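Read through the structure below, which is laid out as structure tokens, and then see the notes.
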Amino acid sequence: MTEAATHVFDASLPTFEQDVLLRSKETPVLVDFWATWCEPCKALGPILEKLAGEFNGGFVLAKVDVDKEQQLAGYFQIKSIPTVMLVKDGKIVDGFPGALPEGQLREFLNHHGVLPKEAVVEEAEVATAADPHGEVVRLRALSHADPDRDEHRLELALALLNTGAVSEAEKLLDGLPANLSQDDRAIRARARLGFAALLADAPPATVLQAAIHADPGDLRARHLLGVRQIVEGDSQAGLEQFLEMLRRDRSYGEGLPRKALIDAFRIVEDADLVGIYRRKMASLLF
């Protein structure tokens, strides 16, 4: 059973009070009224199920097929589908008609205080998380066990990047469907691939540092050193190199200093650090 499946169920009239209303007093329940013939439902449903898995019990998703549960749909006066309702403490607190994009769904949940729960991690998973190669092995097994789940392929691509397997990661990213290719993690991975490609024939950090020491205006060396530092996890040092490039010559390489900073902002996961350097970049540009 997938992570999402443990938090998704089909709701029906006979058990609705128990499964939805009473359950909502402990866990928020998102009720999705849908039908097999409804095209917007086909777009919304997978996103809701993905979020149910990601939130890991922060909410549960009750699916109501309006063709099979006409009486239940009539009870809630469903006029169009998809329609989504949020039930908390035994009451409907909010809802919306139509298919919202993932970002707005996240905002909707956050607005109502529906937050992800931390996953219960087994000892074996802790070990593989600490071992990038072990994580690749684990995710390969998941992908083979459930080949239709694109989420596993994205996670495998990210894990492969952590081990330096750039070519295989790129192939997996190229094969992702449109919805996942626009996922923040996929966009971040693409930026990392771009940085990794720049380092294919780049000198080691010590050589680049020596070049900058000999000529602080060597912006090519600064760029490659900054890329290497970002890729190797020294985010602040890398951002500082790109910022210094911007200070010295913003037009270098057809605007490369600004582009390098923007690409780095996609890669660096420390939101506070990114915010600081966004402001520094803006102060130099405007």
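Side notes on the structure shown:
- Farthest positive-ward along the stretch 176-261 dipole, Cα basis, beta-carbon charges - from Leu219, Val231, Leu176: Leu176
- Full extension of the chain between Ile187 and Ile276 yields a length gain of 29.9 nm, computed as 0.36 nm times the residue separation minus the alpha carbon distance.
- Overall shape of the chain was characterised from the C-alpha gyration tensor. The equivalent ellipsoid obtained from it has semi-axes of 46, 21, 16 Å, in decreasing order.
- Residues of the stretch 186-211 falling in the label zone of Arg248, defined by backbone nitrogen less than 20 Å from a point 7 Å along Cα to beta-carbon, are 198-199, 202-211.
- Taking the average, over residues, of other Cβ atoms within 10 Å as the packing measure, peptides 76-86, 208-218 rank 76-86, 208-218 from highest down.
- Inter-site label distance for Asp146 and His133 at 7 Å from Cα along Cβ, in nm: 2.7 nm
- Tensor-based shape of the stretch 205-285 (alpha-carbon gyration tensor, a/c under 1.5 rounded, otherwise prolate or oblate): oblate
- Beta-bridge orientation, the chain: approximately 55 percent antiparallel, per DSSP, counting only bridges with both partners inside.
- Pairs exceeding a 26 Å alpha-carbon distance, out of Lys25/Lys50; Lys117/Lys280; Lys117/Lys171; Lys25/Lys117; Lys63/Lys171; Lys50/Lys171: Lys117/Lys280; Lys117/Lys171; Lys63/Lys171.
- Counting neighbouring beta carbons within 10 Å and listing from fewest to most, the residues Phe33, Phe286 come out as Phe286, Phe33.
- Shape call, the stretch 4-111: gyration tensor on alpha carbons, a/c limit 1.5: rounded
- Within the shell defined by Cβ-Cβ distances under 11 Å, the residues around Asp150 carry a net charge of -2, with Lys and Arg each +1 and Asp and Glu each -1.
- Principal-axis tilt of helix 252-267 within the chain, Cα atoms, nearest 10 degrees: 40 degrees
- At R0 = 51 Å, FRET efficiency that the Cβ-Cβ distance of Leu285 and Glu26 yields, to 0.05: 0.50
- Karplus-based coupling profile of the stretch 9-21, in residue order and whole Hz: 8, 8, 9, 9, 4, x, 10, 4, 4, 6, 6, 10, 5, with θ = phi - 60° in 6.51 cos²θ - 1.76 cosθ + 1.60 and x standing for Gly or Pro.
- The stretch 123-198: C-alpha gyration tensor shape, a/c 1.5 cut-off, then a/b vs b/c: oblate
Coordinate-derived values only; no laboratory data. Note that the coordinates shown come from a computational prediction; the quantities given were computed from them, not determined experimentally. Because the Cβ atoms are built from the backbone with ideal geometry, glycine has one as well, and the counts that use them run over all protein chains shown.
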